[in-house]
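A quick write-up on the structure given underneath.
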Amino acid sequence: MSSKDHILKSVRNQLVPSADLPSLDQEWIQYDDAVAHFGEVLQAVGGTAIAVEGIDGLTEELAKVPAYTEAKKTVSCIEGLVGTVDLARVEDPHDLEDVDYAVLPGEFAVAENAAVWVTDANIRHRVIAFIPQHVSLVIHCPDGKVEDAVVNNMAEAYQRLTWGRNEFGCFISGPSKTADIEQSLVIGAHGARSLHVFFVV
Amino acid sequence: MSAIKSYDHPTNANQFNKDQERTHWHDSSLWFIREKRDRMSKSLPEWETLRSCASQIKAHTVSKLADYLEEFEKNATARGVTVHWAKDAEEHNRIVLEILQKHEAKRIVKSKSMLTEECHLNPWLEKHGIEVVDTDLGERIVQLREEPPSHIVMPAIHLKKEDVSNTFHEHLHTEQGNHDPNYLTESARQHLRQKFCQADVGITGVNFAIAETGGFVVCTNEGNADLGVSLPKVHIACMGIEKLIPKVDHLSIFLRLLARSATGQPITTYSSHFHGPVEGGELHIVLVDNGRSKIMNSDDYRNSLKCIRCGACMNTCPVYRRSGGHSYAATVPGPIGSILNPLRDAKHHKTLPFACTLCGSCSDVCPVKINLHEQLLTLRTEVKNQKQLPMSKTMPMRIASYVFQRPKLYAWLGGVGKFFLRTMPRFLIYNSLNPWGRNREMPEAPPESFRKQYAQRAKKKSDN
Ligand code: SF4
């Protein structure tokens with residue numbers, strides 16, 4: 001018998017009492033000002049949230065970020081903003097090893113935990129969300145309203161998501177961090193040393 | 001501390017307790033995390049609803065696990081994922097090695113996975129000439145020290161920054177005596193980034209796998225799982241069969257509970273959803289039983305399969321905090337480990353169900369509502385029935401039972417006890433024959449026994 005059959009058989013041959021699934025339709029937390037809450041939680045986990053007007057506003061704000069202005073190798077997956085590396089032409093993700101700064105699209109934000117949903121739909125190499133020294137996530141707000149880009153909680157977040165293509169998706173909440181050395185929080189473990197979230201209205 | 005070899009928890013705990021200052025420090029570090037967890041749980045009014053939902057989802061999944069495993073395999077395969085099945089640790093290791101050999105892989109990076117620890121994957125691969133680098137910082141620290149992790153979420157929680165500094169000085173040539181966590185983390189960052197770039201294959205664990213979509217989720221704060229699997233072409237994910245959940249929407253329950261319970265964060269920094277291989281690459285999933293289906297069969301212990309490995313029960317456990325993770329001599333220590341390990345190997349782990357005060361704190365914090373302390377109590381009876389109990393536990397019990405059945409003898413012995421507690425010199429009470437006098441003061445003997453006071457009160461009443 002194959003191991004698969006063996007496992008399935010030993011799992012199936014048991015008298016486990018049946019149990020119903022709970023309803024996920026509950027009163028999950030709502031915030032009076034979800035956008036403000038997102039900003040506060042993001043700050044608490046080491047990131048920054050900024051609302052900007054259009055691509056010009058984004059460029060202006062980025063110009064105030066030293067890590068961005070000092071970056072030698074940059075990647076941008078945002079229309080209207082150019083980086084020094086064209087991601088589409090990179091065959092081997094290892095070539096992205098020394099990227100200093102990446103500006104990537106985020107789809108929406110979650111107020112309760114400051115997470116931003118990021119997928120590889122428009123970024124060819126997943127590693128670009130993790131390997132640069134610094135990362136900014138840019139969320140385009142429909143109709144110019146930041147509120148529409150922020151959901152209250154994770155239940156609402158999953159309602160927004162679909163799983164059609166073989167997509168990689170990640171909730172990113174703040175920069176990479178660790179507290180493995182005597183519980184001291186250190187920002188910048190392996191991934192990004194900083195994370196800015198821009199809402200473009 | 002790495003010298004701990006025995007399976008006997010009290011012996012190991014004693015060794016840990018020799019350094020009293022460290023024991024206190026360990027205790028308070030974990031309590032600090034427990035407090036963060038409390039604050040986080042209170043920030044959500046629906047906390048209890050989340051816990052009961054999580055518990056129900058897991059109960060439901062186990063009741064139909066075979067169906068969900070098949071559904072998972074079907075959907076994962078449709079996404080170009082190769083699914084493997086392993087009955088036990090040995091088969092798991094063999095499958096992983098075969099994949100590596102097929103790709104002539106020599107260098108592996110691995111993110112934290114309790115399952116691969118449980119299967120002892122590292123030594124097996126090293127034996128076959130493969131370099132395995134653990135990439136979670138805590139795991140890397142203990143790996144360099146050739147120690148097992150002492151906690152499932154914070155593998156190096158037993159170490160001080162001086163210890164880490166010495167380890168890094170020896171292996172990574174950092175400055176001697178520089179204990180700054182920022183400096184040490186930065187050195188590890190440089191070292192591990194090299195390893196990420198050189199790796200031929202990345203191995204991860206799985207936090208949750210979704211039957212409905214055939215995908216799975218891996219949670220880290222450092223981003224090490226993502227770096228490890230998005231540079232090489234091959235990703236191997238190893239998971240216990242109990243990690244399955246039916247629907248992707250159920251993640252909204254579990255991701256809200258996991259990090260809050262584990263470290264008191266609102267969510268881990270990276271919660272990555274894998275639904276297929278990287279462009280031109282391969283994704284393998286190894287589904288492992290290794291004793292899980294056996295636990296499923298037991299009404300008493302089935303609940304322990306709900307565990308999402310958050311570590312909250314360890315952080316709150318007064319015994320774990322004061323005895324250190326290594327004293328459990330097991331991959332999963334603490335309250336949940338004290339259930340899982342004896343179920344797999346009763347002979348070696350028979351002391352673990354007794355490493356418990358039955359205070360119930362673990363059951364109170366568990367995000368999936370496992371009745372940990374009740375299971376531990378049941379396990380004790382089982383250990384006793386299997387005649388695995390040491391004399392030091394059975395003898396006093398037998399004597400106590402004899403005494404309790406004889407009220408007069410009990411009363412007399414109570415008086416004798418009080419007399420001795422009051423009059424005996426310290427060294428006669430606080431010695432190695434009395435474990436209750438170790439590290440704590442015995443209670444002060446009251447001037448009059450309860451029995452006497454009660455009799456006097458009764459007398460007074462009837463006199464009035
Ligand atoms: S038993 Fe509960 S508290 Fe302990 S690790 Fe598992 S899920 Fe967490």
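The values are calculated or read from the model by the stated rules, or taken from the named source; none is laboratory data. Remember, predicted model here, so these are calculated numbers, not experimental data. Note that each Cβ is placed from the backbone with ideal geometry, even for glycine, and that neighbours are counted across all protein chains shown. Surface accessibility is based on the protein's heavy atoms, side chains included, excluding ligands, DNA and RNA. Shrake-Rupley method; radii C 1.70, N 1.55, O 1.52, S 1.80 Å.
Checking A:V82, A:V127 one by one, the residue that is assigned to a helix (DSSP H, G or I) and without any contact (Cβ under 8 Å) to a residue 60 or more places away in the chain is A:V127 and no other. Summed over region B:253-288, residues that are more than 15 Å from the ligand (Cβ to nearest atom) and aliphatic (A, V, I, L, M) total 7. Scanning region B:1-13 for residues that are in a helix (DSSP H, G or I), in contact (Cβ under 8 Å) with a residue 24 or more places away in the chain and open to solvent by 50 Å² or more (accessible area, probe 1.4 Å) gives a single hit, B:P10.
Filtering region B:311-331 to residues that are open to solvent by 10 Å² or more (accessible area, probe 1.4 Å) and within 10 Å of the ligand (Cβ to nearest atom) leaves B:C313, B:C317. Residues to consider are B:A262, B:A237, B:A199; find the one that is more than 9 Å from chain A (Cβ to nearest Cβ), touching a Gly at 6+ places or on another chain (Cβ under 6 Å) and either open to solvent by 20 Å² or more (accessible area, probe 1.4 Å) or at pLDDT 95 or above (or both). Just a single option satisfies the conditions, and that option is B:A262. Meeting the requirement of 3 or more residues that are under 25 Å from B:F72 (Cα atoms), the helices (runs of 4 or more DSSP H) wholly within region B:219-333 are B:224-230, B:251-262, B:292-296.
Quick one: is B:P342 open to solvent by less than 20 Å² (accessible area, probe 1.4 Å), near the ligand (Cβ under 7 Å from one of its atoms) and either part of a loop (DSSP other than H, G, I, E, B) or not acidic (D, E) (or both)? No: the conditions fail for B:P342.
If you go through region B:345-360 and pick out every residue that is within 15 Å of the ligand (Cβ to nearest atom) and open to solvent by 20 Å² or more (accessible area, probe 1.4 Å), you end up with 2. For the residues B:K87, B:K106, the requirement of being closer than 15 Å to B:V201 by Cα and either small (G, A, S) or in contact (Cβ under 8 Å) with a residue 40 or more places away in the chain (or both) singles out B:K106. Can you tell me which residue is nearest to A:D180 (Cα to Cα) among those in region B:184-218 that are among the polar types (S, T, N, Q) and assigned to a loop (DSSP other than H, G, I, E, B)? Applying the filter and picking the extreme gives B:N207. Listed by first and then second residue, the pairs linking a residue in region B:300-324 that is more than 17 Å from B:K58 (Cβ to Cβ) and modelled with pLDDT of 95 or more to a residue that is near the ligand (Cβ under 6 Å from one of its atoms) and open to solvent by 10 Å² or more (accessible area, probe 1.4 Å), with Cβ atoms under 9 Å apart and 6 or more places separating them unless they lie on different chains, are B:Y320/B:C313.
Taking the criterion of being touching a strand residue (DSSP E or B) at 6+ places or on another chain (Cβ under 6 Å) and either away from chain B (no Cβ under 11 Å) or open to solvent by 20 Å² or more (accessible area, probe 1.4 Å) (or both), the residues of region A:133-145 that qualify are A:H134, A:S136, A:L137, A:V138, A:I139, A:H140, A:C141. For region A:146-167, which residues satisfy the criterion of being at pLDDT below 95 and either farther than 19 Å from A:A109 by Cβ or more than 9 Å from chain B (Cβ to nearest Cβ) (or both)? Correct list: A:T162, A:W163, A:G164, A:R165, A:N166. The condition (being out of contact with any Asp or Glu (no Cβ under 6 Å at 6 or more places or on another chain), within 15 Å of the ligand (Cβ to nearest atom) and on the phi > 0 side of the Ramachandran plot) is satisfied by just one residue among B:G334, B:G291: B:G334. Take region A:7-25 and flag every residue that is facing chain B (nearest Cβ under 7 Å) and either in a helix (DSSP H, G or I) or open to solvent by less than 100 Å² (accessible area, probe 1.4 Å) (or both). A:I7, A:L8, A:S10, A:V11, A:R12, A:Q14, A:V16, A:P17, A:A19, A:L21, A:P22, A:L24 - these are the residues of region A:7-25 that are facing chain B (nearest Cβ under 7 Å) and either in a helix (DSSP H, G or I) or open to solvent by less than 100 Å² (accessible area, probe 1.4 Å) (or both).
Which condition number does B:S298 fail, the rest of (1) of a type in the set (S, T, Y); (2) more than 14 Å from chain A (Cβ to nearest Cβ); (3) more than 15 Å from the ligand (Cβ to nearest atom) being met? B:S298 satisfies every listed condition except (2).
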